[in-house]
Each structure stands twice: as C-alpha cells, then as structure tokens.
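The structure appears below as structure tokens.
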Amino acid sequence: MSETIDLAHAPGPRKLQIWRGDLTSGELVEYELETEPGMVVLDAVLEIQRSQAPDLAVRWNCKAAKCGSCSAEVNGRPRLMCKTRLDHLPADQPITVEPMRAFPLIRDLVTDVSWNYRVNKQITPFTPRENLKPGVEVNAKGEFLIDQTDTDRMSEFRKCIECFMCQDVCHVLRDHRLHDRYYGPRFMMRMASLDMHPLDGVDRLDQIADEGGIGLCNITKCCTEVCPEGIHITDNAIIPMKERVVDQRHDPVLKLLHRTPNKGRIKPPPRSETPRL
Amino acid sequence: MSDGGIEHHDYDVLVLGSGGSGLRAAIAAAEAGARTGLVCKSLLGKAHTVMAEGGLAASLGNVAPEDNWATHFQDTMFGGKYLNNWRMAELHAKEAPDRARELEHWGAVFDRTPQRTMSQRAFGGHTYKRLVHIGDRTGLEMIRTLHDKTVHSDVEVFMETTITRLIKDGERVVGCFGYRRQTGELIAFAAKALVLATGGSGRIYKITSNSQDCTGDGYALAFEAGAQLVDMEFVQFHPTGMVYPPGVAGLLVTEAVRGEGGILRNKDGERFMERYDPKRMELSTRDVVARSIYTEVKEGRGTPHGGAYLDVSHLDPDYVKRKLPSMYDQFLELAGVDITKEPMQVGPTCHYFMGGVKVDPDTGATRVPGLFATGEASGGMNGANRLGGNSLGDILVFGRRAGEGAAATANASGAVSLPAEAVADARAEIEGFLHGSGTENPFHMHRELQKIMGDGVGIFRDEEGLTEAIGKLEELDARVANLRAPSDRLDYNPGLQLCREVRNMLTVSHMIARAALLREESRGAHSRLDHTGYSDYWGEHNIIVEGTGAHDMSLTPTPVVKRDELEELVEARKEAEKAS
Amino acid sequence: MPMTTVADPPRPLGSTMRRDRWWIQPVMIVVALTLFGIYAVIRVIINKDYAITAGGAHLESPFFSPDLPGILSFHTSLPWAFLVLWSPLGLRSSCYYYRKSYYRSFFLAPPSCAVAGAARRKYTGETKFPLVLNNLHRIFFYFAAIVIGFLWYDAIRGLFYHGSFGIGIGNLIMFVNVICLSAFTFGCNSWRHIIGGKLNCFSCSTAAQKRHSAWQKVSILNRSHMQWAWISMFTVWFTDVYIWLVSAGVFSDPHHVF
Ligand SMILES: Cc1cc2nc3c(=O)[nH]c(=O)nc-3n(C[C@H](O)[C@H](O)[C@H](O)COP(=O)(O)OP(=O)(O)OC[C@H]3O[C@@H](n4cnc5c(N)ncnc54)[C@H](O)[C@@H]3O)c2cc1C
Ligand code: SF4
Ligand code: SF4
Ligand code: FES
C-alpha cells in the first residue's frame, strides 16, 4: 500500500535551489518548505510561488505529465517537474531546479521554445498519396485501411508530448548550438513517423538529410535517455531514418542496382526558411 | 502595429483557445477564406484537450455494424436526461463520423480493427462500441493532428497570450484585449467575428482533473459581453480521480479501467455498486458511480485516504500494462502503487462542464452579434450529463461549424474598429492588477473560492449549503475589486494571470451555485439532497443565465429546444427505457 | 559551483549540475576498448598458437578465422590475420552502438547526457570524411555475416577429432562464442533495416508480412544490442586466450571423444 512508501520517505522540510534570473544575470536561490507525502517538484515550486516568491516564473498546465509544459533540469537532468517526486531525489542535498539550456531563457524556469514551432512549420505535413487503391487502401466511406502493425510502429512516435527535453539534452543543439542546421530528435522522429506512414505521398529523405541535418546526430542517445514517454527515439526513429538516407545516397550496391527508396512518393518543394534560434 | 504601447492586430476571424474546438474552428475559418488568428493562454498543442484519454464517439459502425447516428443521438439524449438541445445532439451524432475520418486524412493514427478500419471501444452509456481511440491518449493524437494542420494553414497563432476582455462596439463584439504572458505587453485584436473556444472551468474546484487553463474565462467573458449561458448547474464529477497523494488528488483515472474489468470496493471489501446499480455495476453512468463512491466515504466506509478501492489486480498483469499503460505508469510513478498487485484508491473529481454559452447549433453564433462559441465553452449539446467520448466529437463537429459560421459573418461584414474607451478600460483593469492599491492576494482568494465551491456546490447539493455558498461568494464579490498581483513585474507574472482568472472563476461559480439552487430536482449530474427525484417541470426546462455583472445575474427557466422530426426517436427511447 | 545558465554556452568541458558519477561509464569504456584494441593488434602480430590441433582437434581462434593460409594453402610468417580482422573490426567500429560509446567516451561529444561537451560550432557529426563512412555499416555487416558463417563452420568442425565425434571445454567455449557473436551481428541496426525496417507498409503483401515478423525478431535482438556487443567482445577475447594457452601447452583441453 502507499502508506509503506510514506514511512520510508517521511515528509519533512526540504530545500530547493531554484534558478532565478533572466538572460542577463541570475543565480540559484535557496528556498525551504514543508513537504507533503508524494509531493512532486512542481508542487514544491508552486508552493514556493504561492508563499515565498510570487513572481517566480514557471510554465505548467496539466500537472499530469500529459502536456509537456513543465520541462526543467532537476538535479542537472531534464525532467518533467510534475512527474518527479521529491522523495525519489536524494534527501541529503538541496534539489536544484533550472530551466532548459538549449533554448533562450525568458525568466526563471521559463524558456522560449518557439524555435521548435518554427522547425515544425518547415516539415511538410502528412499528405495522402494520390490514387489510393479503393478497397485496399481506402474504403467506400473514404476511411483509410491501415493495418495495426503499421499503426503500432507510428504510434510510438506519436506518443510525443512535445516537452522538448530531448531537444534540450541533444548536444548538437545544447553544446554546439546548431539550431540552424539540425532539426533535433523530436523532429527527426516526427519526420520518421510521416515517412513510415503507409499512405503518405511525400518523399522526405532529402529534407531529413539536408535541411534536417540527420548526419549531425551521432546517435549518442541522450534524447532516448530523457524522454518521459519512453520513446526509443534513436533506435526506432533516427537510426531507421539514417538507414533510409543510406539507401538513397550512400549504399554502393543499391546504386549499382539503380534502386531508390520511396518510389511513387513526390518530392516536396524545397523549404524557404532556415529555422533559427 | 503598435499604438500607445499596445500591440494591435486585425483579423476577419479570431479564435480564442487552442483546444480541439479552437483549432478546428481556426482551420475551418481559414479554409473559408477568412484571415484567421488564434490566441491561447498556453503553448500550442498543450491545451486541456491533450489530456483526453478514452476516445471520440462516432457511429462509424466499424465494430458494431448496426450502429448509426440515430442510436448515437438517442444515447446522447438519454445520457443528458433529455435536457440537451436536440438539434445539437442530432448534428453531433450525424457529423462525428465525418470528422473522425477527416482527422485520419490529416494524419491522425488510430487503433485498427482486424479489417483495418478504425477500431472502436465501449464506454458507459453508449449502446454500441463507438469510441475511436488510440491507446489511452486519444486527445493527444487529436491535438497533434489539428496542431500540425493549423501550423500549415494560414492561421496566425499567438501563444501564451491571455485575453481579459471582449470589446464591443455598440451591440456587436468587434475584438478583444489582453496581454502576452511572456513579456506582459498589451495586445488588442480587432476581429469581424470572434470564436470562444476557451474550454471549461474545472479549476474552481480543488479536486479536479482539469488543467490550469480551465478557469472559465470564456463563460465570464461571454457573460460580460451580454451572451446567455445555459445549463450551468450541471458539472460532471468523474467518479474516479486519484485521492492520494495530496499533490495529485483529482488526477483522472480513466473510465477504461472499469471498462477493462476494474472492480470498486469499500474498506470492508464489499463490492458496493451491487447496492446502487446491481445491473450495470461499475459501468453505470458517471453520475451514479460518483454519487455511490461519495456516499460510501460519507458513511464511513471509505479507504484510509477517503476514497474507494478500484481493483484490477485480478486481471493478468501484462494485459493491464498493455491496455492501460499510462494508468500503470501514473500510479507507479506518482503514488508508488503497482496497480497489477494492489488496488487504487479513487474518488470523484470535477471533470467537465455540460453548461456553457448558448449558441445557435448550426453556426455557433451567440445572441451577441460577432460572438461565437464552441466546445466545452458552449452549452446545450450534453444536457444534464455528458457521455464519455462525446466531448471529443462535440469539439470537432461544432468547432468546424463555429469556424465556418464566424467566417460567413466576417465575410459579410465591413471593417470594424475598437472603440478607444473600451480599450482604455480594458487596459486600466490590467494596470490595476499590477499597480493598483488592492491588497487581495489572488493565490489566497483562489483557494478560498475552491473551498466554498467544494463545500457547498459539490456533488450533492441542498438549499442550505447552496445559500451559504452564495453568501460567501458575495463576500468575495466585494473583495474581488481589490485583487492585486503580489508582484508588479510584467514578464511571466503568475499573479497577474491569476487575478483575472479568479474574477472569471468567481463569476462562473455564481452561475453554478445559483442555477443549482433554482433547479429543485435531481437530474443527471445535479443532485439535490432536498429534492431527490425528477421534476416534470424541470425535465422540460433549461436554465438560462444572463446579466450585466455578477451583482445582477438573472436566471430564467426556458423550455428545452426540441425538433419535431426527432420526436419519434426520443419517444422510442423513452418507451424502451420504461419497458426495461 | 552554480554556473551562469543558459544565456549562451560555451561552458567549460564537463560542467554539469548532475550529481551522479557520470564519468565512470566513459572511463570504463575508454579502458575496455583501448585494451581490447591493443590486445587484438598484438595478438595478430604475434601470429602463432591460434589453433588447438593436439589429439586431432581443430579449434581455431576467432581472431584467425577464416584460416586463410589453410584454405588457400600458403604459408607466411606475416600477420595475415589483418586480412580478415578488418571485417569484424569494421563492423564494430561502424556499429551504431559502438559509435555511441566512442563518440561519448573518446570524442566527448557529449561525455554524458547533460554534461557539457567540447562546444564547437564547427562540429560536423557524421557528415564529413571520415565519419561519414560510418554510413557504410551495412557493407561491413555483409562481410561480417560471412565471417560468422566461417565461425559456425569452425565450431562444428571442432566437434570432430580425427573424424570422430567428441566434445570438450574448448568446443563449448567455441559454441558460446559463436552464439554470442551471432546474437550481436544479427541484432545489427542495418540488418534490422534491410530485413524489414525499410518497408513503408508492413502489411501490404505476404512478403511484407513475412519481413515484418522477421523485423520483429531482429528488433528483439536489437534491443539488447549493447549487451551483446560487450558480451561477444568478451567471449572472443576469452576464446582466443583459451586457445592460445592450450595450444601453447600451458594446459590441455579436457574433452571426450566418442
Ligand atoms: C483527463 C481528461 C480526460 C478526458 N477524456 C475524454 C475522452 O476520453 N473523451 C471525450 O470526449 N472527452 C474527454 N475529456 C473532455 C474533453 O477533453 C474536453 O471537454 C475537451 O477537450 C474540451 O476542449 P475545448 O477545445 O473546448 O477546450 P480546451 O481544450 O479546454 O481548450 C481551451 C483553450 O482555451 C484557451 N483559453 C482559455 N482561456 C483563455 C483566455 N482568456 N485567453 C486566451 N486563451 C484562453 C486555453 O489556453 C486553451 O487553449 C477529458 C477531459 C479530461 C480532463
Ligand atoms: S542520439 Fe542524436 S538526436 Fe539524440 S541526443 Fe544524441 S545526437 Fe541528439
Ligand atoms: S520525444 Fe520524448 S523527450 Fe522529445 S519532445 Fe517528445 S516526449 Fe519530449
Ligand atoms: S504540467 Fe503538463 S507535463 Fe507537467
């Protein structure tokens, strides 16, 4: 029962060090509060906001790990604040709570994630192939005919709640600041889910390789490590897309045989804009 | 364009809200050729709709070929205890299948039948297996699909922008006013037509499944602009929310848990639903199950944390993990409970507002020219009680209709402009929250409000409790003018945000409490301890709320809006019910 | 200790707010891979004692398989095994898992998650020579699959002592090794792509359905690709050491011939 857990982690006072500041300056500020059993980091931050720091900026919405608003770095690791229990963090030290680093800071724990939306805008949306086969791919009522095996593969990626923590932890963006050359794991995965849609009619490989910059990913898997939805971003989306790009441009055997992937799909017009941070 | 420090924008159609209904409305308006803007308090893709789990009700007949719109219509009417707007229930039942297919064409991916069509699952109150779904995250799938569609339509999106006022020119709504949350910059929109898609108001209760967005802004804004609201007394309490630990109290435990065979027990191990609804047991309608759990707890048979046990540990653990993945995670992560081994503790949680702005079913138009409403912000479709799955259909069907209705109005209208005094007034309100002389702390007042509503206007109501609650709400009325944000900074100021929200919530609370006091019967989600049965009179009447402010709020019973051609279907259902 | 956040890196290499000992893993990987690499090169250069032949046995070290001098009947004292070694080494060094581990541990890009790497706008990932060659991983896979064939042949041949069936510790080691190597090789991400992952539709033909179920099986192996990578590296080393010691006469291989 839940009671046993509470005894093991008896609530009591805890210290939090929360990043306060903006782009120009800032520091970790320490707060102390009484905790309740089962409290998550977001509860603590909101309690501090209510009682000690009314101007503390924090973004949240669902408080149910479903909307992906409350991403922050807790004890140095990207986490959803609403899904991280205080009693799962070491009690002997203060808990640090900082904003994501891959995006410009607005204030305190809130960052400007609008770059992600600009990237998304560059990705050609799902476009059903023309001439879908009646009775095989689409029925008389206009409903798609798709097998569960195909939806299973796509739906893993569609679990994404756009918390952007994978983007935050990806060193291509975080350390190298290549926001203008790499779309980041979240959008590699978005493109993978479109490319793996059996009825999609767009050939996205050029975009994924060129503007998307898939070659910049060195499959170091930090995105997979932090994903709160447990999506195997690297293994199931990025590596398969890298392999598809190999099919298209690197594989000497396929070249010899004149085999190209994504036959019957049309190339989208080249993108006009480079999303910049 | 900027004017006196106020950023200014002009649109044909402006949609407030980026939930399913707002996005669908914006897409429709843009497709109809209107220059369309979309404003939301949160980031795009994070609106409350994202939390919906179970599915979208549409009579596709993929799993049950005998299903059709008429049965769906009848189920909706029966669920709503015949207080629904008939036309809305009809349109919803007829159009939901097209809206579901359309989502697929826009890239949504739903679970399949062996015949490779969209699969459908059973839910309380639906005669057939009807809910299109994907795992237990259907809302996310919808939001992401609509979000991507919107991003690639000609819709301009203003994220993290809060609207605090609708602006009228004479009788007509011509725009709105608010501020950008990130910077505190003021912003004004002129729009030939404005669609409210602002969702519900769950945050007036402490225990709620709703997200932070849900503060009833649309209800209050529409009311202040002169629109009518309907059915506000009907607040759906979902029977199963988490009760423990305190931080997550209210978090939804999806109905699918019971659908998959979960059993409810009290602290003595008794399967108490046998006493309340022996026929349908755990799968009785939401109002009945919620009241049953509440009664068990009240009579001292609750669990240590004040709920009931909901148990799936008799099911195969792998099955539970496959069918209810996010429930398994949620309890393991947040409560330290492995639901495949131990029972959950659950209790009722505020979930959905059946009531809302009264609209024309076909176009979403309110009685105020230029103002439209849709989704949970509008009322009428669900009557006294909503069936699970009907909201996701509702927001698509009526989102599209409102978007088209607004575009038609905009296309037929000349240019509009914002009267300067109204803008100045709206600006003064925000500046008052920041720099005024008020002393009331919005965080504290929000808590007080939640307590009043929880104590007096909860699941069970009676005259004494309601009157007392209204009295206390009136005390808050006097203080609400004194609200001031504890900090006067402009950028991302949570206190500023809450000031206006608390005002909105207070207005909404008044509507609920007063309508609940007026409706002297128990029906659907509204249960009066002092009037336990159905009343013939109230069975034929909706309560309309209107006025010019919280101090002058008038409530008028009005006959239910029927339709002759549907009479037969409704009568048939009533007969069938009597027979069983 | 708290450093200025966010404004804009670069921040010093290795800076992080993580509390755990994140550096243990990269250090261990550097040590293990370096030792193995050195061992492999030295072993091939030493170029002797790589087969147990005493008592009609025929147990070949995996470093020296296929036995080119034997098959092509030539004799050399040069380290000929480099002629075969490139293929499994190529497979491993272009393997998606090993790439991850050496990019992290050797290139420090990044050293560990949420730990600052050497920030450089000129980072090019796998887009430029030589790292772009990692895209030819599948070619190494083809050759490595052939080598796996030889190793199975070796393992089975090892069961025959002067033509009669026998079994001993050496045989068991050979089989364990080839099983682990197969599990590693056929859990390869490129193979997973080729066998079925490249399909846009898993259900659209019977052939596609068959490939889908093959893909699912490869996916199971692929999920523990990292584990198999380490296990098989260890078994290769261990098998070689065992054979080396026995063939150098340190001890003899206990076995029974039927
Ligand atoms: C946990 C949970 C599970 C559910 N499961 C189901 C289900 O399975 N099936 C089903 O049919 N229904 C379900 N529902 C109900 C359903 O999700 C909601 O009723 C529906 O999503 C409401 O959508 P909406 O578009 O009307 O509003 P919302 O999604 O609530 O969106 C409101 C929008 O308005 C914006 N907004 C509000 N005020 C302002 C303002 N002042 N200025 C600017 N913008 C503003 C917000 O930012 C937000 O974008 C569930 C609800 C919950 C809580
Ligand atoms: S695996 Fe690729 S996308 Fe993911 S964090 Fe590493 S470099 Fe970035
Ligand atoms: S893939 Fe995972 S980590 Fe990345 S945005 Fe989506 S949910 Fe977040
Ligand atoms: S608040 Fe929605 S994910 Fe945390």
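For the condition among the hydroxyl-bearing types (Ser, Thr, Tyr), within 13 Å of chain A (Cβ to nearest Cβ) and over 23 Å from residue B:26 (Cβ atoms), what is the one hit in B:59, B:153?
Only one candidate passes the filter, namely B:59.
Could you grab me the full set of residues in the stretch C:205-253 that are open to solvent by less than 70 Å² (accessible area, probe 1.4 Å), within 14 Å of chain A (Cβ to nearest Cβ), under 17 Å from the mean Cα position of the chain (by Cα) and among the polar types (S, T, N, Q)?
C:222, C:224
Quick one: which strands (runs of 3 or more DSSP E) sit completely within the stretch A:57-107 and have at least 1 residues that are surrounded by fewer than 24 Cβ atoms within 10 Å (Cβ to Cβ) and within 16 Å of ligand 2 (Cβ to nearest atom)?
A:77-80
Would you point out which residue out of A:100, A:191, A:165 is out of contact with any Cys (no Cβ under 8 Å at 6 or more places or on another chain), touching a residue at least 60 places away in the same chain (Cβ under 8 Å) and within 23 Å of residue A:64 (Cβ to Cβ)?
A:100
So residue B:76 clears everything in (1) of a type outside the set (D, E, K, R); (2) within 11 Å of ligand 1 (Cβ to nearest atom); (3) in a helix (DSSP H, G or I) except one condition, right? Which one?
Just one mismatch for residue B:76, condition (2).
Is it the case that the stretch A:218-229 has a residue that's away from chain C (no Cβ under 12 Å), modelled with pLDDT of 90 or more and under 30 Å from residue C:13 (Cα atoms)? Give the derivation first.
In the first step, residues of the stretch A:218-229 are kept if they are away from chain C (no Cβ under 12 Å); the result is A:228-229.
Within this subset, residues satisfying the condition of being modelled with pLDDT of 90 or more are A:228-229.
Applying the additional criterion that residues be under 30 Å from residue C:13 (Cα atoms) yields A:228-229.
Yes, the stretch A:218-229 contains a residue that is away from chain C (no Cβ under 12 Å), modelled with pLDDT of 90 or more and under 30 Å from residue C:13 (Cα atoms).
Name the residue, out of B:488, B:536, B:564, that is touching a Leu at 6+ places or on another chain (Cβ under 9 Å) and acidic (Asp, Glu). So that I can check it myself, show each step before the final result.
Working: B:536 fails: touching a Leu at 6+ places or on another chain (Cβ under 9 Å); B:564 fails: touching a Leu at 6+ places or on another chain (Cβ under 9 Å).
Selected residue: B:488, the only one of B:488, B:536, B:564 that is touching a Leu at 6+ places or on another chain (Cβ under 9 Å) and acidic (Asp, Glu).
Given the structure, is residue B:525 in contact with a His (Cβ under 9 Å, 6 or more places away or on another chain) and small (Gly, Ala, Ser)? Step through it out loud before you land on a result.
Values: in contact with a His (Cβ under 9 Å, 6 or more places away or on another chain): no; small (Gly, Ala, Ser): yes.
Here the answer is no, as residue B:525 does not meet what is asked.
Please work out which one of (1) at pLDDT 90 or above; (2) open to solvent by less than 70 Å² (accessible area, probe 1.4 Å) is the condition residue C:85 fails and give its number.
(1)
Can you work out which of the residues in the stretch B:521-547 that are surrounded by 12 or more Cβ atoms within 10 Å (Cβ to Cβ) and among the polar types (S, T, N, Q) is nearest to residue B:71 (Cα to Cα)?
Only one residue fits best here, namely B:542.
Filter the strands (runs of 3 or more DSSP E) completely within the stretch B:223-313 down to those with at least 1 residues that are aromatic (Phe, Trp, Tyr).
Qualifying strands (runs of 3 or more DSSP E): B:235-242, B:308-311.
Tally time: how many residues in the stretch C:112-147 are crowded, with 21+ Cβ neighbours inside 10 Å and either without any contact (Cβ under 8 Å) to a residue 40 or more places away in the chain or among the hydrophobic types (A, V, I, L, M, F, W, C) (or both)?
Initial filter on the stretch C:112-147 (crowded, with 21+ Cβ neighbours inside 10 Å): C:112-117, C:123, C:125, C:134, C:137-138, C:140-141, C:144.
Those still in the list that are either without any contact (Cβ under 8 Å) to a residue 40 or more places away in the chain or among the hydrophobic types (A, V, I, L, M, F, W, C) (or both) too: C:113-116, C:123, C:125, C:140-141, C:144.
Adding up the residues that qualify gives 9.
Could you list, in sequence order, all residues of the stretch A:249-277 that are surrounded by fewer than 19 Cβ atoms within 10 Å (Cβ to Cβ), within 11 Å of chain C (Cβ to nearest Cβ) and under 17 Å from residue A:213 (Cβ atoms)?
The answer is A:249, A:277.
This table checks each residue for (1) surrounded by fewer than 24 Cβ atoms within 10 Å (Cβ to Cβ); (2) under 25 Å from residue B:384 (Cα atoms); (3) touching a strand residue (DSSP E or B) at 6+ places or on another chain (Cβ under 8 Å).
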{"residue": "B:91", "(1), (2), (3)": "yes, yes, no"}
{"residue": "B:95", "(1), (2), (3)": "yes, yes, no"}
{"residue": "B:110", "(1), (2), (3)": "no, no, yes"}
{"residue": "B:118", "(1), (2), (3)": "no, no, yes"}
{"residue": "B:122", "(1), (2), (3)": "yes, yes, yes"}
{"residue": "B:127", "(1), (2), (3)": "yes, yes, no"}
{"residue": "B:135", "(1), (2), (3)": "yes, no, no"}
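With the checklist (1) within 25 Å of residue B:237 (Cβ to Cβ); (2) open to solvent by 40 Å² or more (accessible area, probe 1.4 Å) in hand, flag the one item residue B:556 doesn't pass.
(1)
When both residues are 6+ apart or on different chains and their Cβ atoms are under 6 Å apart, which pairs have a first residue that lies in the stretch B:104-115 and is facing another protein chain (nearest Cβ under 7 Å), and a second that is assigned to a helix (DSSP H, G or I) and among the polar types (S, T, N, Q)?
B:106/B:145; B:107/B:145; B:109/A:151; B:109/A:155; B:112/A:148; B:112/A:151
Considering B:479, B:447, B:427, B:503, which residue is within 14 Å of another protein chain (Cβ to nearest Cβ) and either within 16 Å of ligand 2 (Cβ to nearest atom) or assigned to a helix (DSSP H, G or I) (or both)?
Numbers: B:479 fails: within 14 Å of another protein chain (Cβ to nearest Cβ); B:427 fails: within 14 Å of another protein chain (Cβ to nearest Cβ); B:503 fails: within 14 Å of another protein chain (Cβ to nearest Cβ).
It is B:447.
Could you check the stretch A:76-94 and list, in sequence order, the residues that are under 13 Å from residue A:44 (Cβ atoms) and within 10 Å of chain C (Cβ to nearest Cβ)?
A:89
Quick check: anything in the stretch B:13-34 surrounded by fewer than 24 Cβ atoms within 10 Å (Cβ to Cβ) and within 27 Å of residue B:558 (Cβ to Cβ)?
Here is the first cut: in the stretch B:13-34, the residues surrounded by fewer than 24 Cβ atoms within 10 Å (Cβ to Cβ) are B:31-33.
Filter again for within 27 Å of residue B:558 (Cβ to Cβ), leaving none.
The answer is no, given that none of the residues of the stretch B:13-34 is surrounded by fewer than 24 Cβ atoms within 10 Å (Cβ to Cβ) and within 27 Å of residue B:558 (Cβ to Cβ).
Restricting to the stretch B:25-56, and then to whatever is within 16 Å of the chain's Cα centre (by Cα) and away from ligand 4 (no atom under 16 Å from the Cβ), can you tell me which residue is modelled with the lowest pLDDT?
B:54
Residue check: is residue A:206 away from ligand 1 (no atom under 16 Å from the Cβ), surrounded by fewer than 20 Cβ atoms within 10 Å (Cβ to Cβ) and touching a residue at least 60 places away in the same chain (Cβ under 8 Å)?
Yes.
Within the bounds of the stretch A:62-70, is there any residue that is touching a Ser or Thr at 6+ places or on another chain (Cβ under 6 Å) and outside the structural domain of residue A:195 (by TED's automatic domain parsing)?
Among the residues of the stretch A:62-70, at least one is touching a Ser or Thr at 6+ places or on another chain (Cβ under 6 Å) and outside the structural domain of residue A:195 (by TED's automatic domain parsing), which makes the answer yes.
Quick check: anything in the stretch A:171-179 within 10 Å of ligand 3 (Cβ to nearest atom) and either open to solvent by less than 10 Å² (accessible area, probe 1.4 Å) or more than 19 Å from the chain's Cα centre (by Cα) (or both)?
For the stretch A:171-179, residues within 10 Å of ligand 3 (Cβ to nearest atom) and either open to solvent by less than 10 Å² (accessible area, probe 1.4 Å) or more than 19 Å from the chain's Cα centre (by Cα) (or both): absent.
Within the stretch A:36-56, can you find the residues that are open to solvent by less than 20 Å² (accessible area, probe 1.4 Å) and in a loop (DSSP other than H, G, I, E, B)?
A:38, A:39, A:53, A:56
Quick one: which residue in A:240, A:185 is within 9 Å of chain C (Cβ to nearest Cβ), away from ligand 1 (no atom under 16 Å from the Cβ), within 22 Å of the chain's Cα centre (by Cα) and within 28 Å of residue B:106 (Cβ to Cβ)? Break it down into steps so the answer makes sense when it comes.
On the way: A:185 fails: within 9 Å of chain C (Cβ to nearest Cβ).
After applying the criteria, what remains is A:240.
Output the residue which, of all residues in the stretch B:210-226 that are open to solvent by less than 10 Å² (accessible area, probe 1.4 Å) and within 12 Å of the chain's Cα centre (by Cα), is nearest to ligand 4 (Cβ to nearest atom).
Restricting to residues being open to solvent by less than 10 Å² (accessible area, probe 1.4 Å) and within 12 Å of the chain's Cα centre (by Cα), the top hit is B:211.
Looking only at the stretch A:97-115, count how many residues are of a type in the set (Lys, Arg) and either closer than 26 Å to residue A:270 by Cα or within 9 Å of chain B (Cβ to nearest Cβ) (or both).
The qualifying residues number 1.
Which count do you get for residues in the stretch A:116-156 that are more than 7 Å from every other protein chain (Cβ to nearest Cβ), part of a loop (DSSP other than H, G, I, E, B) and open to solvent by less than 20 Å² (accessible area, probe 1.4 Å)?
Residues in the stretch A:116-156 being more than 7 Å from every other protein chain (Cβ to nearest Cβ), part of a loop (DSSP other than H, G, I, E, B) and open to solvent by less than 20 Å² (accessible area, probe 1.4 Å): 2 in total.
The values are calculated or read from the model by the stated rules, or taken from the named source; none is laboratory data. Just so we're clear, the structure is a prediction, and the values are computed from it rather than from any experiment. Ideal geometry is used to build each Cβ from the backbone, glycine not excepted, and the neighbour counts take in all protein chains shown. For the accessible areas, the whole protein counts, side chains as well, though only heavy atoms, and no ligand, DNA or RNA atoms are used. Shrake-Rupley method; radii C 1.70, N 1.55, O 1.52, S 1.80 Å.
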